[in-house]
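Have a look at the structure below before the remarks.
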Amino acid sequence: MYEMERVPEGSTFPRELEEIATTKPIYKGKSPYKKKKVQDKIQTDNVAHYDLSPLFRPFGVHHPSLRHVWFVKDICGVVCAIFTWLLILYAEYVVMFVMLVHESSNIYSLLHGVVFNILSFLAVASHLRAMFTDPGAVPKGNATSEGIKSLGLKKGEVVFKCPKCISIKPDRAHHCSVCQRCIRKMDHHCPWVNNCVGESNQKYFVLFTMYICLISIHSLYMAVAHFIHCVAKDWKGESSGCSGMSPPATTIFLIFLIFEGMLFGIFTGIMFGTQMAAVCSDETGIEQLKKEQRERQSRWLSMKAVFGHPFSIHWFSPFSTPKFLRAEKYYSV
C-alpha cells in the first residue's frame, strides 16, 4: 500500500522522516484520509470607493466627502435611485411648466415656485449624501490576532468576529448582505438610496424622507388647487391661468402628479415618522425586530448622536457633516 526505502542497520531516521515513515503512508493517488483545511474566506467587496475632489476643484468646491465617495454596486439600487430622480424631475416639470408658468398671479407663482424648488433641491442633495456616504462600515479582514491585541482588551472582555467579512464586529453592528460589510448601527438597507442606513448617514436619510414628504404635500396641494381653478374657469385657455396645453393633456399631467404626491407623501411620511421614533428611542430597526435589550440614551442625546452636537440650523442641512457623539468602548461587550 505504501513504499518505504530500506535503511542500513544501525542507522536512524531524522525525526521528521521517522514520523512520516511510521504515521503517514505515501499514497500514489490522493489520500482518502486527507482533510480539507477550513479557512475563513472574505466575501468579495460589493462597494467601490472614488475620489471626486479633482472634478470639483476647478469650480472652487472643496468638501471632505468628495474625497471618500462610497458607491454600492447593486443594479437594483441604482435603478431605484434613478427612478427617484425621475419622479422628482417629473414633479418639477409639472409644477413649473404646466401650472405656475401659466398662473395669472405673479406673486402666487413666485412664492410657490421658490418654496418648491428649495425643497426639491434639499431633497436631491439629501438623497445624494445618503447614497454616496459611507454608512459606518467596519474595516474588512481586521479580525487578526494583531488587530485584536491592538484593542487592549481587559480580562473578561470579549469581541465578536463576523464570519462573512472577517472583521471585528462592534456592538450594535450588523452584516449587510447587499453591501457585504458590517455596518455600525445599521437600521436597514434601502434600495431607494442604494445604500445602508447606518451610523454615518442616518441624518441624510431622515432629511431625504422629510423633504420628499414636504414636496409631495406641496405639489399635491398645488395640483388639486390648479385643477379646481381650471374647472371653475371652464378651461378657457392660457388667459384664464390654466395651461398652455389642451385640457385632456393638462388633466393627465395633474392626475399623475396627484397620484405621485399621495403615494410618496404617505410612504415617506410613515418612513420619516418611524425613523424619528427610532432615533428618539435610540433603537435601530434591526434591534426592534430582534427585541434586543440594552441600555439606552436619553432622547436629546440620541438626537445629537444622529444630527450632531450642538443643536443648530445645520441639523436641517444635507451639506453639513455632523459631529457624532460616539461611545468610547464599542468593540467589546
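Every number in this text was worked out from the coordinates using simple rules, so none of it is lab data. Fair warning: this is a prediction, and the values are worked out from it, not measured in the lab. So basically every Cβ, Gly included, is an ideal-geometry build from the backbone, and we count neighbours across all protein chains shown.
Here are the numbers for the structure shown:
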item	result
Flag for residue 164 being under 20 Å from the mean Cα position of the chain (by Cα), more than 25 Å from residue 302 (Cβ to Cβ) and of a type in the set (D, E, K, R)	yes
Subset of segment 195-214 that is in contact with a Phe, Trp or Tyr (Cβ under 8 Å, 6 or more places away or on another chain) and farther than 15 Å from residue 270 by Cα - its residue that is surrounded by the most Cβ atoms within 10 Å (Cβ to Cβ)	195
Any hit, segment 256-273, residues being more than 25 Å from residue 132 (Cβ to Cβ), touching a His at 6+ places or on another chain (Cβ under 7 Å) and buried (at least 22 other Cβ atoms within 10 Å of the Cβ)	no
Among (1) surrounded by 15 or more Cβ atoms within 10 Å (Cβ to Cβ); (2) touching a helix residue (DSSP H, G or I) at 6+ places or on another chain (Cβ under 9 Å); (3) in contact (Cβ under 8 Å) with a residue 12 or more places away in the chain; (4) of a type outside the set (Ser, Thr, Tyr), the one test that residue 304 misses	(2)
Residue count, segment 276-312 (criterion: part of a helix (DSSP H, G or I) and either of a type in the set (Ser, Thr, Tyr) or within 16 Å of residue 123 (Cα to Cα) (or both))	2
Enumeration of residues in segment 56-97 that are part of a helix (DSSP H, G or I), surrounded by 15 or more Cβ atoms within 10 Å (Cβ to Cβ), hydrophobic (A, V, I, L, M, F, W, C) and within 15 Å of the chain's Cα centre (by Cα)	78, 80, 81
